[in-house]
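Working notes, structure below.
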C-alpha cells in the first residue's frame, strides 16, 4: 500500500500561495523537518523554492540544548537569503543577486541562487517587517514559493503582512499527554483562525482603523460616511497598561479596534465590559493577539491568516514518542470537534488526516 | 566663498533644469542610485590586497552595472551638461572581469568561465552526484517495491510494529538500517550500496578540490581587479557626488525651494546686487558655520547699518519643513514666515504658542541651508553669508545648572566671537529669572550688540517684554496672535474640554480627539507684522491658558487682576 | 552609506589555530597524556544495581562511542535505579578546522569613546529600559550592568553620560516593559532572564519579541537579553539583536549598544535619502 494520496506538499503546491510560514507551537516540534520535507517534495514537483528563516536554522548544533539539529540543504536552483557571517564557504555555491540590509550581529543579508545543492545555516532579519521585504525580494528574483522557517514558538512570520499562508508545526514537546496537547493545539488553531468581523461595514472600517496607529471605536447608527457605522479614533497608540482607561471611553461602541498587541489583560477587561454592552475586539491580525485562553468576548481580525495544515512530531527531544497514527487521529478529531477541519500530517511516518477537509481534491 | 557657493547653486540649478526637461530619466537615475550598495569596504579590501568574498565581488559587479546604466542615461541628455564631478568613468573592463558574458541584472557567481579546471571538477562532481542519486534511487525503489512502504521526503521509512511480517522482512534487508523505534513504529534509513559508498568518498575529495579551485579563482580575480582600482574609486566617488546632487535637487523639488540671493553683508541695496556680491571675497574655506574662522578685516561692512539702504536679510514665505509636516499631519494649515531685517537687532513679540520660536528656527534653518548650498524652503530669500549661527538653546537642561545658569553659560559662546558676523537667534533670554532683572539683562545684551558689533551681525530676539524694542529703538515684529473673535473670553464658547473628559453621547466628533491645543492651532494667526506706534498689543495669554484647560475661576480672577477693558 | 564602525561587526572564526591546540587540528580528550582520549562519564540507568545493570552501563558507554568502557563506580539509587561513574576512551577526534563558530565582533570602546560616539549619533542620551521579566526575581545581572556601581570595577551604564537608564527591577510583565519602552521612546531594551530548559522561560523571552512586533516597536529598539545561559546565537534565534552570557561587563554591553545605534543611524539616514 504505497502512499500515493494527497500529502502536505500537494496541499501547498495546489493552494496557489506564494509564501508560507512554518511556525511551531513550541521548540522541537519539527519545523525544520517540515521545511526540509517541503523543500525536497516541492523541488521534485519542479517548483523553485525560496528559503529564509525568521531566526536561525540549519546550524549543526542547537544553540540551546547543544543537540544536533537537522541542517537545511538548498537544492540546485533554489533561492536563499541568509546572513554573511554564517555563510562561509557556502557562498561559493551561490549565484549572488543581492546584498542588502543588515541582520545585525551576523552581518549583511546575502540573497542568491544555489548553483549546486548547498548545505546552509539560515539566519534571518531581525523583524517581521524586514522579513516581509525579504520574502518579496526572493519572489521578485524568481522563487515560485518562499518557505519561511519560524523560530522556536515565534508566530510573527505567520502574519499576513509577511506570508500568504501558515503551516503550524506541533508535537509531543508541547505537552506529553496527547489529550492535553490536542486541547492546547485546539486553542492555538482557534486563535490563528480568527475571522473578520461578520458585519461588512464594521470589517471595512476596522481595516481603515488599524492604519491609524490609534485605538479606535466603531459605533453603529451615527450616519457617518461608511454606511451605518462611524469610526472614532482615540488618542491611545496601545492598550498595554491602559486597558481599563480605554474601555472607559467605549461609550456605546460596537467594536474596539486595536492596532497593536491585544493583551490578555485587555481581553479580561473587555469581557467584563461586554457583560453590560456587547463589544467586539478586533485585532490587526492573529499574531497580534496574546491570549492565553478563550477570552469570552467576540474576537476578530482585520486580516485573517490562511492556516493550510498542521504537522505533528510524535517524538520529543528526549526521544519519547507517541504512535504517529494515533497522534494524527486524536489531533484531527480534536480540531474537528471545535469546528476547524485542518488537515494534519506527520511528514516522517507519512500518517495524515484530511478527513472532512473541503477543497482537498486535486483537479 | 560666495563664489564657490554660487557655483554649487549653479550646479544644482543645472540639475533641476535637466530634471524639468526629463523627469522620467531622473526617477530612473534615483532608482539606480538607490540600488547601489556601499562599495567602500570592497574597495578598501582591494587596496589592502586581500581576497574578496563572493558577496564583496557582487557589490563591485553591482557598482559596475550602476555606472554603466548611469552613464547611459547621462549620455541621453548630453554628458557635457552634467557637472564634471558627477560623471563616472566607465568600468567596462572591470565589469567584464566580474560578470563574464552577462549584461543584465548584476549577479556574481564563480562561473565555469573563470577556470577550465574548475569547470571540469564541477562537471565530474555533478556527474558522480547523479550516479550516487541513481544508485540510491534504485535501492529505494527496490525497497519500496519489496515492502510496499514509501520512503518519505525526509529519507526515512516508518514501519508499524503490528505489521510483523513486513517488519521482519525490513530487518533482514541489507539495504536498510534501523535508526530508532517508538512504541508503535520502527524507523529505517536507506543504507548506501557499496558503489554509493565509493562514490561518497570520491565526492568528498572532489568537493575539497572544487573549493580550492574556487578560492584560487577569487584570488586571481581580486588581483586583476586591483589593477582597476583607481578608476573604480573614481567612479564610486562620482556616483557619490551625483547621489548628493540629485538628493539636493529632490529635496528642493519636494519643498518647492528657491535659490537664495547672496549679497555682500552690509552692501544690501534691495536691487538684486546678488551677482555683485559674488565678486571674490575671501572668507577662507571654513564655510559659514565652522567655528574659529575670523573674518577678513578688509571686507568688513561699514558700521552704522541702521541707515544702510536695504534689508540685510529678507525671507518671504519661508517654512520649516519639519514643523510643516507636523502641522499637516494634524490637519492644520501652515502660515509661512515673512520678515525683513535691516537692523543689527530686531525684536519679536507674541503670545505663548504663537510661533515665535518656530519663526526663529525657520530663519536659522533657511540661513543654514543656504550656506550649505541647499535650495531654501521659501518664496524668496536674500542674505549675506554669516560666519556662524547661534541659536540660544531655549529649554534645554544641563545637569547641575539651573536653566538660567545654563542660558548664561551658553550666551558666552557668541559673545566670545565678536568681530565675526553672526546670526544670533535668542529665544526669551532671562525667562528663567526675576522679570525686572531679566528684562534689564536682555536689554543690556541687545544694547551691547548695537554698540559693539562691527561685523554686521544679525540678532533676532524673541520676548514677552513689550517695551523692549522701543527702549532700544530697534525694529519690533509681533505675531498677530489669536483671531479677534476668539478673544471674547467671557462669551466665547472657547475650546471644548479635551478627550480626557470622555466622549459624550450624541457628539458627532469623528476626528482625532485632541485637546485645547487643537483649538489654539485653529485660531492662532502666526503671521509676523511689523509694529508701528499705533499697533495694538494683543493680550492672549489668558485665552491660551483657558484653551489649555486652566480652571475658569482662575481665568476670571486673572482678568480682574489684569483689569481688562477697564 | 555605512561608516567604519561596525561595518563588519561579525566574522566567522575557524577554531583550532587559536590557543588550545596550536600543533594539531585533531583533538581528543586529555586523560593521562595528550590526546589519549580517556574520559569519565556519569549517568543513571533505571535498572536495579547488579551485574545486569553494569553490563547495561558498559553498553551505554559503547553507544556513546567509547572504547574499553569500564564501570568505576556503581551506586544503587532506591530499588530500581543505579548511578554510574565510568571510564572510556574516545577514538574519533574532533576536527577543529571543520568547526564553525559564528562570533559577533565589535570593537571594545572605552567610556569616553562610547559617550562621544553616542553624542555624535543621537545628540541626546540613549534611553535604555532594563528589566528582569516574567517570574524572574533575579536582578543581580541586570543591576551589575545598569547600576552606577557596576561589576568587577567596571562601572554600569548609569555611570555613562550617554545613557539614560531606567531599571524596572524584577518580575516585570512583558506588557509593562513594552508600555514603558513606548512611553520613554526607548532606544534599547535590556532583558535579564535566568533561562532553564523549561519552555516557560524561552516562551517568555519570545513573547516579548512578539509583543514588540505587534506594537510595531521591534525595528525601533535594540533588543538585548542577558543571563547565565544566554549566547549570541540563542539570542538571534529568540529574535533578539544580541545576547550576553556570564562574565559580561557593562562596558561590553555599552560598546555594543553604541556601535549598533551608530550603525542603524547611518542605515536609517541612507534609507531616508
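Can you quote the Å³ per residue value for the convex hull of the Cα atoms in segment B:116-207, rounded to an integer?
92 Å³
Can you tell me the FRET efficiency between residue C:107 and residue B:124 if r is taken as the Cβ-Cβ distance and R0 is 45 Å, rounded to the nearest 0.05?
Details: r = 45 Å, r/R0 = 1.00.
Taking R0 as 45 Å, the efficiency between residue C:107 and residue B:124 is 0.50.
Mind giving me the nanometre distance, one decimal, between the label points for residue B:219 and residue B:77, set 7 Å out from Cα along Cα→Cβ?
4.6 nm
Work out how much length residue B:408 to residue B:50 would gain on full extension: take 0.36 nm times their residue separation and subtract the Cα-Cα distance, in nm to one decimal. Don't skip to the end; give the middle numbers.
Numbers: separation 358, 0.36 × 358 = 128.88 nm, distance 5.49 nm.
Working it through step by step, the gained length comes to 123.4 nm.
Starting from one equal scatterer on each C-alpha and no solvent at all, send me the Debye-based log10 I(q)/I(0) for segment B:75-135 at q = 0.12, 0.24 Å⁻¹, two decimals.
Taking Cα atoms of segment B:75-135 as identical point scatterers yields -0.54, -1.00.
Taking segment C:174-240, how much of its Cα-Cα pair set, in percent, is spaced more than 14 angstrom apart? Before the final figure, lay out each step's value.
Values: 1198 of 2211 pairs.
In whole percent, the share of Cα-Cα pairs in segment C:174-240 beyond 14 Å is 54.
Compute the helix-to-body angle for A:200-210: its Cα long axis versus the longest principal axis of chain A, expressed 0 to 90° and rounded to tens.
70 degrees
Work out the FRET efficiency for residue B:550 and residue A:177 from their Cβ-Cβ distance, taking R0 = 51 Å, and round it to the nearest 0.05. The partial results should precede the final answer.
On the way: r = 63 Å, r/R0 = 1.24.
Once rounded, the FRET efficiency stands at 0.20.
Give the calculated FRET efficiency between residue C:152 and residue B:179 to the nearest 0.05, with a Förster radius of 45 Å applied to their Cβ-Cβ distance.
Once the sixth-power term is evaluated, E becomes 0.40.
GNM, chain A, Cα, under 10 Å: largest mean-square fluctuation among A:331, A:282, A:246?
Residue with maximal mean-square fluctuation among A:331, A:282, A:246: A:246.
Can you tell me how much longer the chain between residue B:448 and residue B:541 gets when fully stretched, taken as 0.36 nm per residue apart minus their C-alpha distance, in nm with one decimal?
Extra length from residue B:448 to residue B:541 when fully extended: 30.5 nm.
What percent does the relative contact order of segment C:152-231 come to when contacts are Cα pairs within less than 8 Å and at least six residues apart?
Working: 57 pairs, mean separation 27.7, N = 80.
Computed value for segment C:152-231: 35 percent relative contact order.
Starting from the 7 Å offset along Cα-to-Cβ, what nm value, one decimal, do you get for the label separation of residue A:235 and residue C:41?
It is 6.7 nm.
Need the C-alpha centroid separation for segment B:355-377 versus segment B:442-469, integer Å.
Between the Cα centres of segment B:355-377 and segment B:442-469 lies a distance of 20 Å.
With the cut-off at 17 Å, report for segment C:29-92 the share of all Cα pairs above it, as a whole percent.
Tail of the P(r) past 17 Å holds 37 percent of the pairs.
With springs connecting C-alpha atoms under 10 Å apart, model chain A as a Gaussian network and identify which of A:54, A:353, A:127 has the largest mean-square fluctuation.
So, out of A:54, A:353, A:127, the one fluctuating most is A:127.
Sorted from fewest to most neighbouring beta carbons within 10 Å, what does the list A:181, B:29 look like?
Least crowded to most crowded, the residues run B:29, A:181.
Given 37 °C and 0.692 mPa s, compute D for segment A:232-363 with the Stokes-Einstein relation, Rh being the Kirkwood radius over Cα pairs; round to the nearest whole µm²/s.
For the chosen part, D equals 188 µm²/s.
Mean separation of Cα pairs under 8 Å and 6+ residues apart, divided by the residue count of segment B:116-207: what relative contact order is that in percent?
Answer for segment B:116-207 is 32 percent.
What distance in nm lies between label points placed 7 Å from Cα along the C-beta direction at residue C:67 and residue C:80?
Label-label distance for residue C:67 and residue C:80, simple model: 3.8 nm.
Against the longest alpha carbon principal axis of chain A, how many degrees, from 0 to 90 and to the nearest 10, is the axis of helix A:31-44 turned?
Tilt relative to chain A: about 60 degrees.
What's the angle, to the nearest 10 degrees (0 to 90), between helix A:264-276's Cα axis and the longest principal axis of chain A?
Once rounded, one gets 30 degrees.
So what are the radius of gyration and Dmax for the Cα set of chain A, in Å?
21.5, 65
Other chains' Cβ within 10 Å of B:53-61 residues: what's the mean?
Details: counts 8, 13, 12, 4, 2, 10, 3, 0, 1.
Averaged over the peptide's residues, the number is 6.
Per DSSP helix of 4 or more residues, -39500 (n - 2.57); summed, then divided by the residues of chain A. What does that give at 222 nm, rounded to the nearest 500?
On the way: 8 runs with 93 residues, N = 363.
Estimated from H runs of four or more residues: -8000 deg cm²/dmol.
Let me check I have the definition right: for segment A:200-301, take the eigenvalues of the Cα gyration tensor, multiply each by 5, take square roots. What are those semi-axes in whole Å, largest first?
20, 14, 13
Over the C-alpha atoms of segment A:65-181, what are the Rg and the largest Cα-to-Cα span, Dmax, in Å?
In order Rg, Dmax, the Cα atoms of segment A:65-181 give 15.5, 48 Å.
Just so you know, all these numbers are worked out from the coordinates, no wet-lab data involved. Please read all numbers here as calculations on a predicted model, not as lab measurements. No Cβ is skipped: glycine too gets one built from the backbone with ideal geometry, and neighbour counts run over all protein chains shown.
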